[in-house]
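Contents: one structure, followed by commentary.
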Amino acid sequence: MVLRIHGHAFGKRKLVGPAGPDRRPTRSRVRKSIFDILGQRLDGLRVLDLFAGLGAFGIEAVGRGGMEAVFVEKDRTAARALTDNARALLPPGSWRVVQDDVAAALRDLGRRGARFDLVFADPPYDAGLAPRVPGWLAGGEVLSPGARLVVEHSAREDLPEGEGALVRVDERRYGGTRVTFYAQRESAKVDGTVEESPDG
């Protein structure tokens, strides 16, 4: 499996990893749209990439100015490919791969005092995991003040409007994919926006 990443830091570089029926990397145009919404520069942000797969979200975030990225991926083969991609593309010391279940990893990161400004989550579609992600994060201790959460999920899955200090601030649909954006309640501007892409 070969996956293109964007951002001036990478030029035309690609991520490489194993293919298989359970591997569903985010389409390039969807990922590009997400970063357009977040802002092209992510200077100094600490990034957490959950259900990371090949690491496209976290790697691209660091390439757009992020300070560091922690990747959580349970599958051993995918975690090994992710490590190879990060080693090839990111500066030493700017990344770490955690091979663990997401809920367990979040508990451990919280105990260690890790804090993140931007969180990506791309759980398996229609597995009942996506609606739980905001609660896992809101109930833990890994979010910095003003942190944002981006969840990519099946268009058939409905995510909560809010959990704890997290409130849904935007939602976009791309065919069978939905992307839901959350922010900390004190910094969120809630407009109830739900937009559909022209080709979706």
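Worth a mention:
- Members of the stretch 28-52 found to be surrounded by 16 or more Cβ atoms within 10 Å (Cβ to Cβ), of a type in the set (V, I, T) and more than 12 Å from E152 (Cα to Cα), listed by number: V47
- A Cβ distance below 7 Å, combined with a sequence gap of six or more or placement on separate chains, defines the contacts here; from the stretch 138-152, residues that are within 18 Å of F51 (Cα to Cα) reach residues that are in a loop (DSSP other than H, G, I, E, B) and among the aliphatic types (A, V, I, L, M) in the pairs A138/A165; V142/A114; V151/L159.
- Among the residues listed as A69, A114, the single one being of a type in the set (G, A, S), surrounded by fewer than 23 Cβ atoms within 10 Å (Cβ to Cβ) and in contact (Cβ under 8 Å) with a residue 24 or more places away in the chain: A114
- Annotation for the stretch 31-44: at least one member residue is more than 17 Å from G93 (Cβ to Cβ), at pLDDT below 90, charged (D, E, K, R) and in a loop (DSSP other than H, G, I, E, B).
Here is a yes/no grid of residues against (1) within 26 Å of R173 (Cβ to Cβ); (2) in contact with a Gly (Cβ under 7 Å, 6 or more places away or on another chain); (3) of a type outside the set (D, E, K, R):
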| position | (1), (2), (3) |
| --- | --- |
| D101 | no, no, no |
| D108 | no, no, no |
| P124 | yes, no, yes |
| A127 | yes, no, yes |
| A130 | yes, no, yes |
| G135 | yes, no, yes |
| A138 | yes, yes, yes |
| E141 | no, yes, no |
| S144 | no, no, yes |
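- Residue check, P91 surrounded by fewer than 19 Cβ atoms within 10 Å (Cβ to Cβ), of a type outside the set (A, V, I, L, M) and outside any strand (DSSP E or B): yes
- Per-region count, the stretch 145-169, residues small (G, A, S) and farther than 21 Å from S33 by Cβ: 4
The values are calculated or read from the model by the stated rules, or taken from the named source; none is laboratory data. No experiment lies behind these values; they were computed from the predicted model shown. Backbone-built Cβ (ideal geometry, glycine too); neighbour counts: all protein chains shown.
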